[in-house]
Amino acid sequence: MRPGTLSPRTLKRGLIALLLPALLATACVDEPGAGAGASGDDIKVGILHSLSGTMAISEVTVRDAELLAIEEINAKGGVLGKKLVPVTEDGASDWPTFAEKAQKLISQDKVATVFGGWTSASRKAMLPVFERNKALLWYPVQYEGLESSPYIFYTGATTNQQIVPALDYLAAQGKKKMFLVGSDYVFPRTANKIIKAYAAAKGIEVLGEEYTPLGHTEYSTLVNKIADAKPDAVFNTLNGDSNVAFFKQLRGSGITPQTTPVVSVSVAEEEVKGIGPENVAGHLVAWNYYQTTTTPANDAFVKAFKAKYGADKVTSDPMEAGYNAVYLWAAAVAKAGTVEVEAVKKAAGGISIEAPEGTTTIDGENQHVAKTARIGLVQADGQIKEVWSSPGPIKPDPYLKSYDWASGLS
Amino acid sequence: MGALANQLPIGLSIAAVLLLIALGLTFTFGQMGVINMAHGEFIMAGAYTAYLLQGFTSQSFLIALPVAFVVAGLMGLLLEWSLIRRFYGRPLDTLLLTWGVSLVLQQLARDIFGAPNVQVTAPGWLVGGVDVLGVRLPYNRMFIVVLAVLCVVGVWVYLTRLPAGRRMRAVVQNRELAGYSGIATGRVDRFTFLLGSGLAGVAGVALTLVGPVGPSLGTFYIVDAFLVVVAGGLGQLRGAVLAALALGFLNGYLEFWTDASLAKVLVFVVIIAFLQVRPQGMFVLKGRTLV
């Protein structure tokens, strides 16, 4: 039998192999990151999503939507007469990798801006990189709020455009007892803090609050706890693959959408497909956009997306927010007349486009976007039917300053 | 009280899932000493087999069980023949090797089937559940329990009643002597791997009833599978059964009294404490090799 020890020679070789890429990476980082994006006839833009690992399930579709927007803009002549050239990097579902690749895109590729991220953990990892380099990140996913970096534009919903309207909707439906289910990380825990503050102020009883690790697949015990507590509604902030296990195991338990609807904030068309529409039909979701949303811009978006990626593909809220991010940035650049970051930031406030979800306007103050809130009912065919929408776009309020009950939160 | 009683069948069904995912590993890891990190990807291969077969006939779900056994089994055989047989006796190297293989297989699945989860529609007779004495029994979980029992019985019969199984045990207990007695140990190794991987494929089909079907499916189950095998004692069928039952009920009740994250921590604490007292696991394989 071979001994399990390493010979000094192998050890040395291994060390060199490990260190070499790291050395190369630092060498690249050390280059001065002066130039911003535009060279000759091209403008380089970075796209940074997880193309491998557990988050690839969601982020690949957002990348596809962003590439579509870039292609469309190029077909119409580009920005400032220059073509956009995407530089794609893989964040690999690993938060330090996101920070590393962001630095690479900024200092080595010298991109004008970056579109990327999904999980709040990846955004939090990239935030210091973008602030330090004074570079721009466009983040396309709904999140827990309580953040407003001067170098990030948030094109997904903050809490007052998704979670708060969903709670208003449940309250209006006469739901008095709620059960909170979430994955164990920053977004669900922060979201539930907000939900509990809301519930306390509006006389809603929270019967239980349960968290499961990311990637958890065993939900029979949790479902039993829900069945035992008998809530009027379940508020679901589970993320990723866990949703599939949760809904499949909920269905066998005798809990039906008629008696106990589950409201999800991280289940969109793409996830419904993976869960199996029959397992989630009749439950509710809260977003700002559905594939079924009726606007002229959405008809064009859905048609173009299916033409490029296949007729069986669906479009979802984060994809649409990523698609919008590219257009919003392009509009800001056109207004500023340059890709220079500070000028683009200044020009971005008040920029408005007719997006697939309707009119979306950048709030210059907190760099979020005014969006219409929509509650949807999952259909047996996997599409989502809108059952309620806010009267118009809701002004973003990441710190919930305009809500009395939220005063103790931030 | 009703909820507490409900936890009994839940504990049993968690145990059944654990047993299904670990059964194949008792062969490849327990008997052959290969730390097979790609075991989870064989489970994934089984799940995708169910996905590909659905829609062909009304009973495609049942047909998928043997087909997945063959598909995952052949993948295991290929892995053993092409790579692992060059690494016997080097457990740490097989760990790295099979981990690499698992990453390759995951990315392969992502390229073939796409990154998002796919949907495997459960057959109608497995949808819903029945109330027995106020205890809710979902059909899909009952099916998994029955399947786990069948697999264990099948493996037991194979190991104790069939010549091929006896040959396998002979090779595990004393490779040299088995070789000198005329057993083609190389061929037995390959077949052991086929069997272990094939069982992972069967588990994969069953798991489509209760879990996600996607490229990272295997990563969700691999740690639990190793826990069962290590706690049960390497290469021990009854050890695996007992460990799966113990871990299933432990998981079920600890999560009921605390929450999912804490229950996971507590289960690990219990296992670590147990392995301090009995590092060899619940049962010990009585080999005749001089170590």
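The values are calculated or read from the model by the stated rules, or taken from the named source; none is laboratory data. Computed from a prediction, not measured in an experiment: that's the story for all the values here. Neighbour counts run over all protein chains shown; Cβ positions are idealised from the backbone, glycine included.
Return yes or no: is B:Phe113 farther than 30 Å from A:Val62 by Cβ and out of contact with any strand residue (DSSP E or B) (no Cβ under 6 Å at 6 or more places or on another chain)? In short, no. In segment B:177-278, counting only helices (runs of 4 or more DSSP H) that sit wholly within it, the ones holding 3 or more residues that are within 10 Å of chain A (Cβ to nearest Cβ), crowded, with 17+ Cβ neighbours inside 10 Å and more than 14 Å from the chain's Cα centre (by Cα) span B:237-257, B:260-277. Just one residue in the set B:Val67, B:Val71, B:Val34 is in contact with a Gly (Cβ under 8 Å, 6 or more places away or on another chain) and either surrounded by 21 or more Cβ atoms within 10 Å (Cβ to Cβ) or closer than 30 Å to B:Leu242 by Cα (or both); that residue is B:Val71. Note on segment B:139-149: residues that are within 14 Å of chain A (Cβ to nearest Cβ) and either farther than 13 Å from B:Gly11 by Cα or not in a helix (DSSP H, G or I) (or both) amount to 3. In a residue-by-residue description of segment A:172-184, the property of being in contact with a Lys or Arg (Cβ under 6 Å, 6 or more places away or on another chain) and at pLDDT 95 or above applies to no position.
Taking segment B:35-82 as the range and being within 21 Å of the chain's Cα centre (by Cα), more than 14 Å from chain A (Cβ to nearest Cβ) and outside any helix (DSSP H, G or I) as the test, the residues that pass are B:Asn36, B:Met37, B:Ala38.
Of A:Glu270, A:Glu278, all but one fail to be at the interface with chain B (Cβ under 10 Å from one of its Cβ atoms), surrounded by 23 or more Cβ atoms within 10 Å (Cβ to Cβ), touching a residue at least 60 places away in the same chain (Cβ under 8 Å) and assigned to a helix (DSSP H, G or I); the exception is A:Glu270. Going by the conditions given, is A:Ile194 within 11 Å of chain B (Cβ to nearest Cβ), in a helix (DSSP H, G or I) and in contact (Cβ under 8 Å) with a residue 40 or more places away in the chain? Taking the combined requirement at face value, the residue does not satisfy it. Listed by first and then second residue, the pairs linking a residue in segment A:48-59 that is within 7 Å of chain B (Cβ to nearest Cβ) and in a loop (DSSP other than H, G, I, E, B) to a residue that is buried (at least 24 other Cβ atoms within 10 Å of the Cβ) and of a type in the set (D, E, K, R), with Cβ atoms under 8 Å apart and 6 or more places separating them unless they lie on different chains, are A:Thr54/A:Asp241.
Look at (1) without any contact (Cβ under 8 Å) to a residue 60 or more places away in the chain; (2) in contact with a strand residue (DSSP E or B) (Cβ under 6 Å, 6 or more places away or on another chain) and you find that B:Gly89 fails only one, number (2).
Conditions (1) touching a helix residue (DSSP H, G or I) at 6+ places or on another chain (Cβ under 9 Å); (2) more than 12 Å from chain A (Cβ to nearest Cβ); (3) over 30 Å from B:Gly89 (Cα atoms), marked per residue:
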residue: B:Trp125; (1), (2), (3): yes, yes, yes
residue: B:Cys151; (1), (2), (3): yes, yes, no
residue: B:Tyr158; (1), (2), (3): yes, yes, no
residue: B:Asn174; (1), (2), (3): no, yes, no
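Among the conditions (1) within 11 Å of chain A (Cβ to nearest Cβ); (2) under 30 Å from B:Phe191 (Cα atoms), B:Arg136 misses just one, which is (2). In segment A:228-250, the qualifying residues are those that are in a helix (DSSP H, G or I) and more than 7 Å from chain B (Cβ to nearest Cβ), and the one that is surrounded by the fewest Cβ atoms within 10 Å (Cβ to Cβ) is A:Ala229. Only strands (runs of 3 or more DSSP E) whose full extent lies in segment A:297-410 are considered here, and the ones with at least 1 residues that are assigned by TED's automatic domain parsing to the domain that holds A:Ile275 and within 24 Å of A:Gly240 (Cβ to Cβ) are A:374-378, A:384-389. A Cβ distance below 7 Å, combined with a sequence gap of six or more or placement on separate chains, defines the contacts here; from segment A:97-120, residues that are outside any helix (DSSP H, G or I) reach residues that are of a type in the set (Ser, Thr, Tyr) in the pairs A:Gly117/A:Tyr139; A:Trp118/A:Ser50; A:Trp118/A:Ser58. Is it the case that A:Glu218 is over 30 Å from B:Leu247 (Cα atoms) and either within 14 Å of chain B (Cβ to nearest Cβ) or assigned to a helix (DSSP H, G or I) (or both)? No. Among residues of segment A:142-191 being assigned to a strand (DSSP E or B) and among the aliphatic types (A, V, I, L, M), the one that is surrounded by the most Cβ atoms within 10 Å (Cβ to Cβ) is A:Val181. The set of residues from segment B:153-195 being basic (Lys, Arg) and under 17 Å from B:Gly235 (Cβ atoms) comprises B:Arg166, B:Arg167, B:Arg169, B:Arg175. When segment A:74-85 is filtered for residues that are surrounded by fewer than 19 Cβ atoms within 10 Å (Cβ to Cβ) and either closer than 26 Å to A:Leu127 by Cβ or touching a residue at least 60 places away in the same chain (Cβ under 8 Å) (or both), the ones remaining, listed by number, are A:Leu80, A:Val85.
Quick check: is even one residue across segment A:206-213 at pLDDT 95 or above, more than 10 Å from chain B (Cβ to nearest Cβ) and either within 22 Å of the chain's Cα centre (by Cα) or under 30 Å from A:Tyr403 (Cβ atoms) (or both)? The answer is yes; a qualifying residue exists. Considering only residues in segment A:370-410 that are within 22 Å of A:Ala325 (Cα to Cα) and out of contact with any strand residue (DSSP E or B) (no Cβ under 8 Å at 6 or more places or on another chain), the one that is surrounded by the fewest Cβ atoms within 10 Å (Cβ to Cβ) turns out to be A:Gly392.
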